[in-house]
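Each value in this text was obtained by applying a stated rule to the coordinates, not by laboratory testing. As the structure is a prediction and not an experimental result, all values here were calculated from the model. Neighbour counts run over all protein chains shown; Cβ positions are idealised from the backbone, glycine included.
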Amino acid sequence: MMGEARPSRLRIVWAIAAAFSVFTLIAGSTGNALAGDRVERFPAPDFRSGHVMPTLTTTQGPWAGWQEIDVVVLAVFLVVAAWLVLKKRSRRATFWMTVLAVAYFGFWKKGCICPVGSLQNVALAAGGNGYSLPWTVSLVFLLPLLFSLFVGRVFCSGVCPLGAIQDLVLYKPIHLPAWIETPLGMIAWAYLGLAVLFAATGSDFLVCRYDPFVGLFRMSGPSHMIIFGGVLLVLSMFIGRVYCRFLCPYSVLLRMLAIFSRTRVTITPKACVDCRLCEMSCPFGAIRYPSSVEGRRSPEAARRQVALAMATVPVLMIALAGLGYWARGAMARIDFTVRLAEKVYAEEHGGARAALDETRAFWATGQPAEQLYTAAAKTQARFAIGAPLFGTWMGLALGGRALSMMIRRRRTGYTADPAACVSCARCYESCPIEIEVRQMKADPSFARGHAIGANAGV
Amino acid sequence: MTSAPIHLDLQSDNGRRQRARCARRIGYVAGGFILLVAAIMLVTIVREEQDNPLTAGTIDNLKSSLIADGTNESLKDSIRQADQRVREVYFHRRTFLMHGAWLMLGGALVLAVSMKLAANWGASAYTPTGPAPAGHRWGLAMKIGMAAMTVILGGLLAALATSSSRAIRFADAARAAADDGGDSKIKTSNPATTTVAAIDPTAPSDEEFARNWPNFRGPGAAGIAIGDYPIEWNAASEKNLLWRVPIAQSGKGSPVIWNDRVFLTGGTSDRREVACYDAATGALKWACPIGAKVSAGLELNEATGYAPASPATDGRRVFAMVPTGELAAVDFNGKVVWSKNFGKLANLYGHATSLVVSGGNLIVQLDQGQAKENLSAIMALDAATGKPIWKTARPVGASWSTPMIVKSPAGPQIIALGDPWVMAYDPTTGAELWRATGLGGEVTPSPAFAAGTVYAAVERADLLAIRIDGKGDVSKTHAKKLEADILPDIVSLAAYNDRVLLVSTGGSVTLVDSKLAKTVWTQDIEGGFNASPVVAGSRAYLTDLKGVTHIFDLATPAFKELGRGEVGQEVAATPAMVAGRIYIRGHHELFCIAAERGAK
């Protein structure tokens, strides 16, 4: 059967990849055209023809009560997802939760509320930018983290629309080796550091600006982001949840908290028979081998390695902090005020070829350039602190990640790594013990004729 | 929708395969549909792009033609039609793309669902593959992978660190701007630390400046023309009229001449510009916008307009400043070389002081607000780059007069008027040389200079005659007040030997002899004046608001009109007089008067 199916599937893969590529390109152009309506309005006629321009009106925002409702809906989704994954252990129900998450939080709510983006609100408030964090946003940020702390990453499985849409397009997953997956996963740590740095300095909401799927949910957005989202979706057909595993900054927080969760995904309800079927079924590389498979090193060699790593971590932190400090000027350019000040400065000092729209708008305010320079200097001063902190964070993350892999953990049987597992419940369906237990529950007579684990060789 | 099942029901295996095949075919159809919609959208976008008047430059070309021929109604209709078409194309494309996007999204949904079903129905069971390969996660490959990622991230930071060396330190820039004029509290620059512009050996010589009309009232802004000029002309009969051309934008600024080019400023609330005309034919060579398109809330009274100041040129670039606080240097091909913006200026009627050029530097007198607010300053900018050379605070409020450059035995001086001071500055360093009190109110008339004496006057104050060889406050040592029948309110002074000519807006003209300290004659002329007199030899050329230029002799003991020229429309700008030609800016036309053109 597989032998017949393979060539045909290959064709399908290519057909889908081509179709999605074209789709993303066209959708990019479409999005760009539609976004133009919002960002760069069509210019008014530059001659007088007697036409009376309509009065500008401001669209009313959504009803204020939606914020509270959104928080309640988020909590309900989290509770239901946790119940379906951990109690019901149902892949089918989890799949439909995924569909619902894309439909509601994605297409209906158009990507907002978003716990992933809310981490920037928290950073902005913590950075002392005069921003008061609404309690609803606090809860949007905290609820998935609390659930992760107690029951693992159920937010990723059936609530987050970004993860859900990638999960839905998963077609033929490729298993990435750990030596590729783990280093690539560090990008998310860097992204988190930058997102916090830019938000805390009041410069930019990087995560929202580069949200790859919000353009699809809104049927509008910058063309490069629509294309980026489309490329991620095509990749997600073969590499499960590319954004979640290698880019999502919020997943870093979820991972760190999920390690401490007491109730979490357990692949088999009884003793593991080491069949490795769960490992094959997991498209996200979240299954860890039993300790016996990982082999033993001599305690002395292990101690030497850990000691060396522990000595390296501070060096790495200091080195990257230094680089961060020297990079502060370039990093501060993410801030609009700094970029505008650079353009105004260039115009004032003969370095600009012609006046730009933004500098003209600035001059039209009547604000002296010195005020702008002072504001830019304040931002640069914040980056002088924040950029080395970012370097320190990256040194700690890289060193700590390496250290965590050196430490040998005792595992009996194949287990889901609580940090990497997105609680999708696929492994349940592949576990022969799980299936036996289900059959026994459904048919008690079945239990009488079978000892659990008897078909371990399946 | 579930993962691959472990226990397949063999009896239903064929059924699953058939369903998978069916789902795949649906997926193919959906994929084909997406590609078809995509192709149609692409073709439509490309065709509309080719037919778009906005991108094809049609409208720009039409607009350029309209600048040259501003009264062509059919041209205006063509622009309107093209503009209408641009809008129709835009909104058609928008609707079309929206429909296409929805169709493709629907197709993508069908494709995703069908392929997902095909994958599930066509999947085979997982089968055990034996024990996992032994080995620790922290193996050699992982070490290399993590090291590579560390190098990549470190490398990116290093690359950013490298580009950071070019970043501007705005803490320093803010301090510099405070000294440079951005701050409302302007400080006097230290002459010892002023920047010196690089000396360009190929820059036009003083003789070339003297042969041209580089700024308001000619070389040094003195109001003195060299050469012989016609004393009669008539635009209606074309007597001594070399050419006349319509002016693209209205304004009060005077023409500025450099060899074969005539420069004019003009503007409305929508656009300020400097335009260049051919001195030989009057043909418009180019018009370059100055500053932002919209004047953002700046409302000026009609008398001032949006281009009250004259441009200035150093023979390579033309400089123009408009009341929005925007200043631009434009090369002789109409391209902006550099620009500055001084922000919204605190000026009741709008900033109208003209720019002057001195020794390769552009002199900008920026008097604003009240004296106690410390907003006013005079500065020199490098004409080539716009870089500040020096800046000196001025203890005066807003004024509208233009500074002049005079030559003393000790070197050139900049004479700038304000309330209440007449002040002299060193053009090289900006250091104050001397000051004399005696002016007051709204200081608008520019000074005059002759025989080592500066003359300054303003209505409801005094006529001052100040010798320029003093230092410090020379109010009691080098300045004397002269009696005069009338004092000017707008029109600048003109001087001939010891005589100074004073003109009121209402039409009174008086000549005062400073040596004898008495009025030589007074004459009322109908029409009123905004334009300032220009002296050529002993003749004064004074153009009234009706466009009649009165030519009279300043050497005679009584008023004696030598001739009269008419352009037949309102004139508020001072004429430019170069090489036997007189360039007069009328309300809507520019005239060139020259004796070589005889009467028809």
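Per-structure values
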item: Cα gyration tensor shape of segment B:282-423, rounded if a/c is under 1.5, else prolate or oblate by comparing a/b with b/c; result: oblate
item: The protein assembly as shown - mean residue ellipticity at 222 nm from DSSP helices (-39,500 (n - 2.57) per run, n ≥ 4, rounded to 500); result: -13500 deg cm²/dmol
item: Gain in span if fully extended, A:R304 to A:W83, counting 0.36 nm per residue against the direct Cα distance; result: 75.2 nm
item: Cut-off 18 Å, label 7 Å out along Cα→Cβ of A:W63, residues of segment A:111-149 by amide N; result: A:113
item: Segment B:343-495 shape via C-alpha gyration tensor axes, a/c threshold 1.5; result: oblate
item: Residue-wise HN-Hα coupling along segment B:274-290, computed from phi with Karplus coefficients 6.51, -1.76, 1.60 (Hz; x: Gly, Pro); result: 10, 10, 10, 10, 6, 5, 7, 10, x, 5, 6, 8, 6, 9, 10, x, 10
item: Considering only the protein assembly as shown, percent of DSSP beta bridges that pair antiparallel, nearest 5; result: 95
item: Neighbour-limited loop hits for trypsin sites (Lys or Arg not before Pro), segment A:386-435 (at most 14 other Cβ within 10 Å; DSSP other than H, G, I, E, B); result: A:R409, A:R410
item: Segment A:269-405: relative contact order as a whole-number percent, Cα under 8 Å and 6+ apart; result: 40
item: Rough spin-label spacing in nm, given labels placed 7 Å along Cα→Cβ, for B:L109 and B:A148; result: 4.1
item: Between segment B:536-590 and segment B:333-367, the alpha-carbon center distance in angstrom; result: 27
item: Once the Cα gyration tensor of the protein assembly as shown is diagonalised, semi-axes √(5λ) in Å; result: 80, 33, 21
item: Segment B:409-474 versus segment A:201-265: alpha-carbon centroid distance in Å; result: 70
item: Residues with amide H under 5 Å from that of B:S475, placed H, sequence gap 5 or more; result: B:T437
item: Tensor-based shape of segment B:339-420 (alpha-carbon gyration tensor, a/c under 1.5 rounded, otherwise prolate or oblate); result: oblate
item: Spin-label model distance (nm) - B:D469 vs B:R94, 7 Å beyond Cα toward Cβ; result: 7.5
item: Long-range HN-HN contacts of B:T543 with modeled amide H, under 5 Å; result: B:H550
item: Segment B:296-435, relative contact order [Cα under 8 Å, separation at least 6], %; result: 16
item: Potential extension, B:T556-B:A132 segment - 0.36 nm per residue separation minus Cα distance; result: 140.9 nm
item: With at most 11 neighbouring Cβ atoms within 10 Å, loop GluC sites (Glu not before Pro) (DSSP) excluded, longest segment of chain B; result: B:1-298
item: Inter-label distance, nm, simple model (7 Å from Cα along the C-beta direction), A:D443/B:V43; result: 5.8
item: Around B:A309: net Lys/Arg minus Asp/Glu count, Cβ-Cβ under 11 Å; result: +2
item: Inter-chain Cβ neighbour average for residues B:147-160, partner chain, 10 Å; result: 6
item: Cut-off under 5 Å, modelled amide H: who pairs with B:L590 long-range; result: B:V245, B:I247
item: FRET E, pair B:A517, B:E238, Förster distance 56 Å, beta-carbon r, rounded to 0.05; result: 0.80
item: Mean Kyte hydropathy of 1.0 or more with a Cα span along the axis of at least 15 Å, helices from DSSP in chain B; result: B:140-164
